[in-house]
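Notes follow once the structure below has been shown.
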């Protein structure tokens, strides 16, 4: 079974600075998808960024980018120019390519933005 | 385009009762998944429905069940509620069973007293 680990329960960053959230995962599969989701106090999980394991190129979405290291099974999220609206819980998630069609989530990292 | 709608937003039930939660996916999405979120266990997969068929089930007791209707709307039922069932229940829909990601609703906060 796949597992996802987020080793930083909490992180804080100054507004406009850059922060990196860590995520590692364990799998025996070669093809899969990885996601970062954001959950603000409104409770709705919002997709931040997605990575396909068979693509070497790291995904980017505006101020959000990932560092995907397949051999190391690492998938970190970098947030540049942090904004107050980025404050939320961030979850790393794994989805099999061919196996069970479900998300396996990490425990989450609570990100605080200091003005 | 309407998002994923979950009703009700909040629910308080007594131990031993049963509860039904509802989820309306984004129009055109045929895959609906349910997750339970608790402070202790985090986010755990309950089940997935696609075209009215349950395709995957998580490691939850039989008290947890669900169904999907022909219009892709889904319901989740929990019978004989226990205190430990208190959680945020999230529904997610997808066009392609999650390959591009899922769109989540705002959840139903269930409190069992």
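Each value in this text was obtained by applying a stated rule to the coordinates, not by laboratory testing. No experiment lies behind these values; they were computed from the predicted model shown. In this analysis, Cβ positions are derived from the backbone assuming ideal geometry, glycine residues included, and neighbour counts consider all displayed protein chains.
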**Message:** Residues of segment B:1-18 with the amide nitrogen closer than 11 Å to a label point 7 Å from the Cα of residue B:79, along Cα-to-Cβ, please.
**Reply:** B:18
**Prompt:** If r is the Cβ-Cβ distance from residue A:2 to residue B:95 and R0 is 22 Å, what FRET efficiency results, to the nearest 0.05?
**Reply:** 0.45
**Fill in**
For segment B:1-63, the Kirkwood Rh over every pair of distinct alpha carbons, in Å, works out to 13.6 Å
**Complete:** With label points set 7 Å from each Cα along the Cα-to-Cβ direction at residue B:59 and residue A:74, the distance between them in nm comes to 2.8 nm
**Fill in**
Cα-based Rg and Dmax for chain A, in Å, come out at 13.6, 44
**Fill in**
Using the Kirkwood radius over Cα pairs of the protein assembly as shown, the Stokes-Einstein translational diffusion coefficient at 37 °C and 0.692 mPa s, in µm²/s and rounded to a whole number, is 182 µm²/s
**Asked** Any idea what diffusion coefficient chain B gets from Stokes-Einstein, in µm²/s, Kirkwood Rh on alpha carbon pairs, 37 °C, 0.692 mPa s?
**Response** 237 µm²/s
**segment A:20-34 versus segment B:1-17: alpha-carbon centroid distance in Å** = 32 Å
**Request:** Report the relative contact order of chain A, percent, no decimals, based on alpha-carbon pairs under 8 angstrom and at least 6 residues apart.
**Result:** 38 percent
**Message:** Quick check: the distance between the Cα centres of segment B:23-61 and segment A:57-100, to the nearest angstrom?
**Reply:** 22 Å
**Complete:** Mean separation of Cα contacts under 8 Å (at least 6 apart) over the residue count of segment B:18-113, i.e. the relative contact order in percent, is 32 percent
**Item:** Nearest-0.05 FRET efficiency for residue A:56 and residue A:11, computed from C-beta distance (R0 22 Å)
**Value:** 0.20
**Asked** For residue B:2 and residue A:63, FRET efficiency with R0 = 25 Å and r from the beta-carbon atoms, rounded to 0.05?
**Response** 0.35
